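Structure first, commentary second.
The values are calculated or read from the model by the stated rules, or taken from the named source; none is laboratory data. Since the structure is predicted, the reported quantities are computational estimates derived from the model, not experimental observations. No Cβ is skipped: glycine too gets one built from the backbone with ideal geometry, and neighbour counts run over all protein chains shown. We work out accessible area using only protein heavy atoms, side chains counted, and drop any ligands, DNA or RNA first. Shrake-Rupley method; radii C 1.70, N 1.55, O 1.52, S 1.80 Å.
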Amino acid sequence: MVWKQQWLWWKRGIIYQIYPRSFQDSNDDGCGDLNGILQQLDYLEWLGVHALWISPIFPSPMKDFGYDIADYTAIHPLFGTMDDFDRLLAETHRRGMKLLLDLVSNHSSDQHPWFIESASSRDNPKRDWYLWADPAPDGGPPNNWVSEFAGSAWQWHEATGQYYYHAFLAEQPDLNWRNPAVHEAIHAAMRFWLDKGVDGFRVDVMWHMIKDEHLRHNPPNPDYDPATMSPYEEFLPVFSTDQPEVHDVVRGMRRVIDEYDERLLIGEIYLPIEHLISYYGSEQDEAHLPFNFQLIGAPWDAAHIRSVIDTYEASLPPDGWPNWVLGNHDKSRLGTRVGSPQARVAAMLLLTLRGTPTLYYGDEIGMRDVDVPPEQRVDPRELNCPGRGLGRDMARSPMQWDASDNAGFSRARPWLPLSPDYRECNVASERSDPRSLPNLYRRLIGLRRQEPALAIGDYEPLPVRPPLLGYIRQHGDQALIVMLNFSNGAHEFILDLNCVPTEILISTHDPAARPASRQLELRPNEGVIVRLQKPPHHPCLAHPVDPNG
Ligand code: NOJ
């Protein structure tokens, strides 16, 4: 049983997020689509990833680019047809890969028939499928809850004389998860896709799904600074998110997942680690992987990263499988956050830590945030609160496939501007260069697939000082040291007698393996994975070499 647990695909696998509007356009409308993804499966297979998670592809008025769903069991014509989807699923599976969908179950679109019915009258049977409330005594919103996209989270509905709640846009009304009929409806949608063979879901804003029954006001945030923080941060979302009852909701979803073989439930959860881990469930009966975004938020230096890893590792419940996310469609791109030299170190970190890695399309070729001119910005988070740096368009630009016009993404004008660097930074030119970033990703992914020590082995930190970060991954009689240099200076160290290195399997700087000795030099911004002859008997120490002898 333990053996079987370790072999679960999602423990060994690497998840690759596709933002479908921006991946590959197959029908010349400037927007990516399902057939575009199908065309690029060769590339994804070459890269070696195991599972594709596709952001929403369902019918939607696109107020939040698909995160406002008007039909949970159909395909938006922009992305293709259900036949296209079935073909993509079959072909993904034929190549030994998995396919995950986005489940946006906290809210629907205001154009979903459920909401249209709910809004039609106070006594409609679906009235209680959404969160309706009477005005406060002064006629204003029922409480002080703020939308993640700025402004009150309550929208006045003149026709029925009540407010409804929306954690995001007014066009994204929140479903009422205290109503069992909502559970049944979303569970039915899950089964629709699971019956087709979809391998699981990433559940959008899982920690938002239930709100305080009494709609109590959120307390003010004592650290709020309007100059640098979003309007949402003015109050602490103590009563609008992360309520104890959310765990019943997640357990219900997990029960649906468990009706099928080896399907995966991921939760999108932005919470401090101590709260995040509660989403594994007290009986391991909630999310398999509560997404861990600690690496996206942490300052990029060895000391911070060390403390993030150690705190996370120490907090995990005994059977909680770790996971690490390096980028997504809501955050500044990795290449921009850490810079090109450190992007290689980041790749090695992501693919050698204990736990399932998730990488965001384009990060593997070093794509960077695009400076989208104000008149071309489309993200509602930016449009609702312009000029505050809250926009997300910069991280959603079209995938850079080659040096031809529009980067081989589309023959039409892309829906978002391309990065100006696409003639040099693209899949075609980087793929043929053995030293390129995608080739480094490919080697790291290949090694992770091949070495149980990396995929499922134990993790032990090495006592090295910043700017170095080191750890051992070990499984059975195999042990690997990972040593990362977070600085642009060289650093030399000697491993103690207990650790006998045989080979540098991968360096971020060289395309081939080479022999190793106990004395190792890390060049600026270099990371290495070193094979040890055998696991050390006692903690392995690495001593810095004194440059003065
Ligand atoms: C989280 C998604 O990642 C984001 O893109 C979206 O805007 C919100 N949830 C609302 O669905």
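What the table below lists for this structure:
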quantity: Tabulated pairs, the stretch 250-267, first under 18 Å from Ala185 (Cα atoms) and in contact (Cβ under 8 Å) with a residue 60 or more places away in the chain, second open to solvent by less than 30 Å² (accessible area, probe 1.4 Å) and among the small types (Gly, Ala, Ser), C-beta under 7 angstrom, 6+ apart or interchain; calculated: Ile257/Gly200; Leu265/Gly200; Leu265/Ala287
quantity: Filter result for His76 (under 20 Å from Asn323 (Cα atoms) and touching a Gly at 6+ places or on another chain (Cβ under 8 Å)); calculated: no
quantity: Answer from Thr92, Thr73 - the residue that is part of a helix (DSSP H, G or I), within 25 Å of the chain's Cα centre (by Cα) and either on the phi < 0 side of the Ramachandran plot or more than 16 Å from the ligand (Cβ to nearest atom) (or both); calculated: Thr92
quantity: Some residue of the stretch 20-34 being surrounded by 17 or more Cβ atoms within 10 Å (Cβ to Cβ), within 26 Å of Leu351 (Cα to Cα) and away from the ligand (no atom under 16 Å from the Cβ); calculated: yes
quantity: Number of the exception - Ser120 against (1) crowded, with 22+ Cβ neighbours inside 10 Å; (2) within 26 Å of Gln172 (Cβ to Cβ); calculated: (1)
quantity: Qualifying positions in the stretch 1-46 - part of a loop (DSSP other than H, G, I, E, B), within 22 Å of Glu262 (Cα to Cα), among the hydrophobic types (A, V, I, L, M, F, W, C) and in contact (Cβ under 8 Å) with a residue 60 or more places away in the chain; calculated: Leu8, Ile14
quantity: Residues (open to solvent by 20 Å² or more (accessible area, probe 1.4 Å) and part of a helix (DSSP H, G or I)) located in the stretch 363-377; calculated: Pro374, Glu375, Gln376
quantity: Residue count, the stretch 268-284 (criterion: part of a loop (DSSP other than H, G, I, E, B), surrounded by 14 or more Cβ atoms within 10 Å (Cβ to Cβ) and either within 16 Å of the ligand (Cβ to nearest atom) or acidic (Asp, Glu) (or both)); calculated: 4
quantity: Selection within the stretch 99-117 - out of contact with any Pro (no Cβ under 6 Å at 6 or more places or on another chain) and surrounded by fewer than 19 Cβ atoms within 10 Å (Cβ to Cβ); calculated: Pro113, Ile116, Glu117
quantity: Failed item in (1) on the phi < 0 side of the Ramachandran plot; (2) in contact (Cβ under 8 Å) with a residue 40 or more places away in the chain, with Gly366 passing the rest; calculated: (1)
quantity: Where a residue in the stretch 196-214 is more than 12 Å from the ligand (Cβ to nearest atom) and its partner, wherever it lies, is open to solvent by 10 Å² or more (accessible area, probe 1.4 Å) and not hydrophobic (A, V, I, L, M, F, W, C), with Cβ under 6 Å and at least six apart; calculated: Asp199/Lys98; Asp199/Arg263; Gly200/Arg263; Ile210/Gln243; Ile210/Glu245
quantity: Some residue of the stretch 387-395 being open to solvent by 10 Å² or more (accessible area, probe 1.4 Å), under 30 Å from Leu169 (Cα atoms) and more than 23 Å from the chain's Cα centre (by Cα); calculated: yes
quantity: Within the stretch 389-507, strands (runs of 3 or more DSSP E) holding 1 or more residues that are out of contact with any Pro (no Cβ under 7 Å at 6 or more places or on another chain) and free of Cβ contacts under 8 Å to residues at least 40 places away in the same chain; calculated: 501-507
quantity: The listed residue being surrounded by fewer than 23 Cβ atoms within 10 Å (Cβ to Cβ) and within 16 Å of the ligand (Cβ to nearest atom), out of Lys11, Lys63; calculated: Lys63
quantity: Sole exception among (1) over 30 Å from Pro386 (Cα atoms); (2) in contact (Cβ under 8 Å) with a residue 40 or more places away in the chain; (3) away from the ligand (no atom under 16 Å from the Cβ) for Leu100, by number; calculated: (3)
